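Input: a single structure, listed below in structure tokens.
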Amino acid sequence: MKHKLFIASLVLGSALLATAAKDPVLMKINGKEIKLSEFEYLYHKNSQQQLEKETLEQYVDRFVTYKLKVADAEAQGIGDDPAFQSELNGYRNDIIKPFLEDTTVHEKLVREAYEHKLKNVDIDHFMLALGKDYASNQKQLALADSIRQCVLKGENWEDLAQKYSVDPSVKNNKGHYGYIMAGMFPYEFEKVVYETPVGEISKPFKTNYGYHMIRVNAVRPDEGEVRVQHILKLFPRVRVLTDSMKMATKLKIDSVYLALQNGADFSELAKTASQDPGSAKNGGELPWFGHGRMVPQFDKVAFELGVGEMSEPFETNYGYHIIKKLESRATPSLEEQRKSIEARIQQDYRKDAPRLERVNQLKQQYNYKENPNLTKYLTEALARHGQYDSTFVDGVLKNSNEPLFTFANKTVPVSVLARHLNRKMKMDNESAVEYIKGFVEHKSQDEIMDYYAANIINDTPDFANLYNEYRDGMLLFEVSNRRVWEAAGKDTLGLQAYYDANREKYNWYSPRFKGIILNAINDSTLNAVKADIDAMKDQPMDSITASLHKKYGSNIKMERMMMAKGENAAVDYLFFDGPVPSGKYPCSMVLKGGLIYQPEELADVKGQVTSDYQDVLEKRWVDELKARYPVTINKKVLKKVK
């Protein structure tokens, strides 16, 4: 036993040493280890953002100072504050999102969709209805497969389609769709179409509409898009359309065609003669469209015409048309179509593909395994109970400890499915087993993603580095605010003492106006104000300004300021030969003050003095931190920085 334990400890020790060797400790600050990976992450990020490159040694000095400040914030317990934790959790929820998806999948789907748009596919289609339960669905799937085998053996597709297919269009097309383009059908249908080789029949596949089979007859390059205008004469909307009705419609379109041949303006005639309410008001113009967007007859004529050419009258199921081709263009580029492609991806199950790919990766990482005996367990449990009902869900499944699946260090029991099941559904036991198993994949995805999110800081170094960067940045801001920025403003005595000791640093090369400027909306108002001021000259300034505000309201504006030449229009006009101010208050006077040539007090240069005093506080703080918190750097590891 001792030998086994000794060997196990050696193996474990070797693993730990290997892990440590991959990411060794670069430095310790106040006893906290900083790994090489974290330093390299911030070092490379800093290098990309710096206009002037700094040496590694320079960055190390700056990094140590940064970490000393973070250590001070931690020592003060700033990170334990509930408000801080709440804000940090908000950042965590934002930055974790990209890690919960494989971001490369989205771009692959966009490019796949665009590749589909470059081709049109000629297909035959066959469809069977969905069954009401698992057993009937299996029968439908078996029927579809047997029909496929019949076609492969030489039986006629059209005959079988007309006999068995429930596609409503089969009456008219006998199971032949012709050329289709990308975006016409749901993605799961389109994907099979574009992945089935020419001349082959797809295996039966399921959509929300039924079970389908596709035969691909041909593929051609997409011809791009056309823009046309058209005139339509509709057939009468009756149950039975007679030949005489069609002839009457034909005579109407022929008279329009004759007028066009004799020089009538197509747009004007479309406005008055076309019975297509959507386009008639626009002179018959239709938006750009590609193959497959219009009925086949309209599609064929539109693409065969040359630009500027006009068709003869032709028939569709709607009536008779005349088309004039206005423009044609090649298939738009990927970037031109990117937004529309991405919008379409968000409308079907592809939007979940990046997350599902991440789940699949995590399943491998966490050694995910489904219970191979699940079907047997459910079958036997249902047989013992008798049937699927609410008692089975609440009395059997809800209390079951049978494993559903395992991953990482977790075993998830069957009982977790109970709350997701519909207790009132009626089905046979075989269908019930499949119904219950249908929830396993969704539950596994949720469990794995929840586990990953909870452990991501340990399992994903990239996230850990980003999260720690946010956390340390927040700590740095708060502690710097307390020790430097806010401290400088609150330390009025220290600020004044610093100014008194360094007055010679704060000299001006040009005068400033210091005082109060009064602006008025016109000369008469300004003159009235001057008269009132003369009458109140013995009163305190605060009393004068209060009286003026009360009497003149928005007809005047008073501003206390410190301004140099070029910083205020009224000051420029009154003291520096500037033009008369424009705007609502063009008339100005000095209510109090005048030009000063050097600062008279701290308030005159408070912004600059405060900034300089903050630098002093910063230096004192850093010196204090270096003396308080020990720092050790592993020089050998530092040489490994890439």
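Since every read-out is calculated from the coordinates, none of them should be taken as a lab result. Bear in mind that the values here come from a model prediction, so they are computed numbers and not experimental data. Cβ sites come from the backbone with ideal geometry, for glycine too, and all protein chains shown count toward neighbours.
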Self-check item: ³J(HN,Hα) computed for each position of segment 505-512 - Karplus, 6.51 cos²θ - 1.76 cosθ + 1.60, integer Hz, glycine/proline x
Solution: 6, 10, 10, 10, 9, 8, x, 10
Practice problem: For G178, list long-range residues whose amide hydrogen, built 1.01 Å from N in the peptide plane, is under 5 Å from its own amide hydrogen. | Solution: I123
Self-check item: Geometric extent, Cα atoms of segment 119-221 - Rg, Dmax (angstrom)
Solution: 13.0, 42
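Work out the length of the dipole vector of segment 529-642 about its Cα centre, built from +1 on the beta-carbon of each Lys and Arg and -1 on the beta-carbon of each Asp and Glu, and round it to the nearest 20 debye.
Values: 19 positive and 16 negative charges, 257 e Å.
The calculation lands at about 1240 debye.
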Quiz item: Where does helix 541-552 land angle-wise versus the long Cα axis of the chain, in degrees 0 to 90, nearest 10?
Solution: 40 degrees
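D for segment 44-172, whole µm²/s, Stokes-Einstein with Kirkwood Rh over alpha-carbon pairs at 10 °C and 1.306 mPa s: what number? All intermediate terms of the calculation are to be shown ahead of the outcome.
Values: Rh = 22.7 Å.
Once the numbers are plugged in, D ends up at 70 µm²/s.
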Quiz item: Which of the lysines could be linked to K325 by a straight reach, that is with a Cα gap under 16 Å, when you skip same-chain ones fewer than 8 residues away?
Solution: K300
Quiz item: Given N residues in segment 508-597, what is Rg(Cα) / (2.2 N^0.38 Å)?
Solution: 1.08
Quiz item: Between the DSSP loop rule and a limit of at most 16 other Cβ atoms within 10 Å, which GluC sites (Glu not before Pro) in segment 592-631 are left?
Solution: E600, E601
Quiz item: What dipole magnitude, in Debye to the nearest 20, does segment 227-330 give about its Cα centre under +1 on Lys/Arg Cβ and -1 on Asp/Glu Cβ?
Solution: 340 debye
Practice problem: Convert each backbone phi in segment 192-208 into a coupling constant with the Karplus relation 6.51 cos²θ - 1.76 cosθ + 1.60 (shift: θ = phi - 60°), then list the ³J(HN,Hα) values in order as whole Hz, x for Gly and Pro. | Solution: 5, 4, 7, 9, 7, x, 4, x, 10, 10, 5, 5, x, 9, 9, 10, 5
Practice problem: Please work out the Cα center distance from segment 26-77 to segment 121-165, rounded to the nearest Å. | Solution: 66 Å
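Within segment 590-642, report the chymotrypsin sites (Phe, Trp or Tyr not before Pro) that DSSP leaves as loop and that have at most 16 other Cβ atoms within 10 Å. Don't skip to the end; give the middle numbers.
Details: sites: Y597, Y613, W621; in loops: Y597.
When the chymotrypsin sites (Phe, Trp or Tyr not before Pro) of segment 590-642 are filtered for loop state and at most 16 Cβ neighbours within 10 Å, Y597 remain.
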Quiz item: What is the set of long-range amide H partners of F405 at a cut-off below 5 Å, with H atoms built 1.01 Å from backbone N?
Solution: N371, V412
Practice problem: Give, in nm to one decimal, the length gained when the segment between E57 and F439 is fully stretched (0.36 nm per residue of separation minus the Cα-Cα distance). | Solution: 131.9 nm
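Would you mind computing Rg(Cα) / (2.2 N^0.38 Å) for the chain, counting N as its residues?
Working: Rg = 40.2 Å, N = 642, 2.2 N^0.38 = 25.7 Å.
Normalised Rg, Cα atoms only: 1.57.
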Exercise. Please report, largest first and rounded to whole Å, the three semi-axes of the ellipsoid equivalent to segment 531-642, where each semi-axis is the square root of five times an eigenvalue of the C-alpha gyration tensor.
Key: 53, 19, 14
Quiz item: Which one of A501, V484, P511 has its Cα pushed farthest toward the positive end of the charge dipole of segment 436-556, where Lys and Arg give +1 and Asp and Glu give -1 at the Cβ?
Solution: P511
Quiz prompt | Cα-based Rg of segment 556-596 normalised by 2.2 N^0.38 Å, two decimals | solution = 1.07
Quiz item: So what's the Cα pair-distance distribution over segment 172-257, bin width 5 Å, in %?
Solution: 3, 10, 15, 15, 10, 9, 12, 14, 9, 3, 0
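Set the bar at 22 Å for Cα to Cα. Now go through K132/K424; K117/K351; K97/K437 and name every pair that lies beyond it.
Values: K132/K424 16 Å; K117/K351 19 Å; K97/K437 29 Å.
K97/K437, as the Cα separations exceed 22 Å there.
Among 557-565, 625-633, how do they line up by average Cβ neighbours within 10 Å per residue, starting with the highest?
On the way: 557-565: 16.0, 625-633: 13.7.
Top of the packing list down: 557-565, 625-633.
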Quiz item: Expressed as cubic angstrom per residue, what is the convex hull volume of the alpha carbon set of segment 310-442?
Solution: 212 Å³
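Taking the Cα centre of segment 366-457 as origin and charging only Cβ (+1 Lys, Arg; -1 Asp, Glu), how large is the dipole, in debye to the nearest 20? Write out the running numbers ahead of the final one.
On the way: 11 positive and 12 negative charges, 35 e Å.
Magnitude of the dipole: close to 160 debye.
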Quiz item: Between G283 and residues 5 or more places away or on another chain, which pairs have amide H atoms under 5 Å apart, with H built 1.01 Å from N, and which residues are they?
Solution: K271
Quiz item: Taking only C-alpha pairs under 8 Å that are 6+ residues apart, what is the relative contact order of segment 508-597 in percent?
Solution: 54 percent
Quiz item: For the Cα atoms of the chain, what angle does the longest principal axis make with the long axis of helix 353-365, in degrees from 0 to 90, nearest 10?
Solution: 80 degrees
Practice problem: Calculate how large, on average over all directions, the projected area of the Cα convex hull of segment 366-457 is; give the answer in nm² to one decimal. | Solution: 5.8 nm²
Practice problem: Quick one, can you get me the convex hull of the C-alpha atoms of segment 227-330 expressed as volume per residue in Å³? | Solution: 97 Å³
